Amino acid sequence: MATLSQLAARLLRLEKTFERLSWRHNRRRPSPVTRVLIGKTTSAGVSGRAGTTVGLGTVELWTIDDSGELQPILDDEENPVTVQAVNLAVAAVAGEVYVHLKQHTRTRRYLIDWEECGA
């Protein structure tokens with residue numbers, strides 16, 4: 001039986017396929033829906049923006065299980081599902097912190113919208 005993380009990873013892949021097909025079908029009217037995802041930066045963090053060049057970094061995708069616990073989304077080989085995220089802020093995002101990601105409707109890039117701050 002598939003775990004919650006495996007099901008979430010499969011759902012994410014199906015959503016990406018559906019969105020690609022929908023985008024090809026109707027390029028003039030992109031979906032107004034913005035997807036908000038939970039991520040956790042890798043130990044390297046995400047660099048800050050320099051002028052007009054955005055910061056980039058790898059972010060693992062996470063979910064909230066039925067008991068309210070944060071869990072990483074895993075692929076079929078039990079590895080964390082990762083995406084390249086864009087940081088519009090000048091300040092870098094630290095490693096191993098939770099972030100909110102928004103997916104840009106047109107470019108499909110993941111934008112860091114919020115980050116966990118230390119106390």
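Against the condition of a type outside the set (S, T, N, Q), touching a residue at least 40 places away in the same chain (Cβ under 8 Å) and in contact with a Leu (Cβ under 9 Å, 6 or more places away or on another chain), how does residue 85 come out, does it pass? Don't jump to the end; show me each part of the working.
Values: of a type outside the set (S, T, N, Q): yes; touching a residue at least 40 places away in the same chain (Cβ under 8 Å): yes; in contact with a Leu (Cβ under 9 Å, 6 or more places away or on another chain): yes.
Here the answer is yes, as residue 85 does meet what is asked.
Has region 37-46 got any residue that is hydrophobic (A, V, I, L, M, F, W, C) and at pLDDT 95 or above?
Quick first cut of region 37-46, residues hydrophobic (A, V, I, L, M, F, W, C) only: 37-38, 44, 46.
Narrowing the set further to residues that are at pLDDT 95 or above leaves 44, 46.
Checked region 37-46: at least one residue is hydrophobic (A, V, I, L, M, F, W, C) and at pLDDT 95 or above.
If I filter region 40-54 for residues that are of a type in the set (S, T, N, Q), assigned to a strand (DSSP E or B) and over 14 Å from the mean Cα position of the chain (by Cα), do I get at least one hit? Yes, that holds for at least one residue. Do the conditions hold for residue 54, that is, is it among the aliphatic types (A, V, I, L, M) and surrounded by fewer than 11 Cβ atoms within 10 Å (Cβ to Cβ)? For residue 54, the condition - among the aliphatic types (A, V, I, L, M) and surrounded by fewer than 11 Cβ atoms within 10 Å (Cβ to Cβ) - is not met.
Within region 15-34, can one find any residue that is closer than 22 Å to residue 115 by Cα and at pLDDT below 80? Quick ask: steps written out before the conclusion?
Quick first cut of region 15-34, residues closer than 22 Å to residue 115 by Cα only: 33-34.
Keeping just the survivors that are at pLDDT below 80 gives 33-34.
Yes, because at least one residue in region 15-34 is closer than 22 Å to residue 115 by Cα and at pLDDT below 80.
If I go through region 35-51 residue by residue, how many of them are more than 18 Å from residue 79 (Cα to Cα) and either of a type in the set (Asp, Glu) or surrounded by fewer than 19 Cβ atoms within 10 Å (Cβ to Cβ) (or both)? So the answer is 7. Among the residues of region 60-90, just one is in contact with an Asp or Glu (Cβ under 9 Å, 6 or more places away or on another chain) and small (Gly, Ala, Ser), namely 89.
For region 56-119, which strands (runs of 3 or more DSSP E) that fit wholly inside it have 2 or more residues that are modelled with pLDDT under 95, within 21 Å of residue 44 (Cβ to Cβ) and acidic (Asp, Glu)? Spell out how you get there, then give the answer.
Details: elements: 70-72, 82-87, 98-103, 110-115.
Where strands (runs of 3 or more DSSP E) fall fully within region 56-119 and carry at least 2 residues being modelled with pLDDT under 95, within 21 Å of residue 44 (Cβ to Cβ) and acidic (Asp, Glu), they are 110-115.
Within region 67-119, the set of residues being over 17 Å from residue 10 (Cβ atoms) and of a type in the set (Asp, Glu) comprises 69, 96, 113, 115, 116.
The values are calculated or read from the model by the stated rules, or taken from the named source; none is laboratory data. Computed from a prediction, not measured in an experiment: that's the story for all the values here. Glycine also receives a Cβ, built like all others from the backbone with ideal geometry; neighbour counts cover every protein chain displayed.
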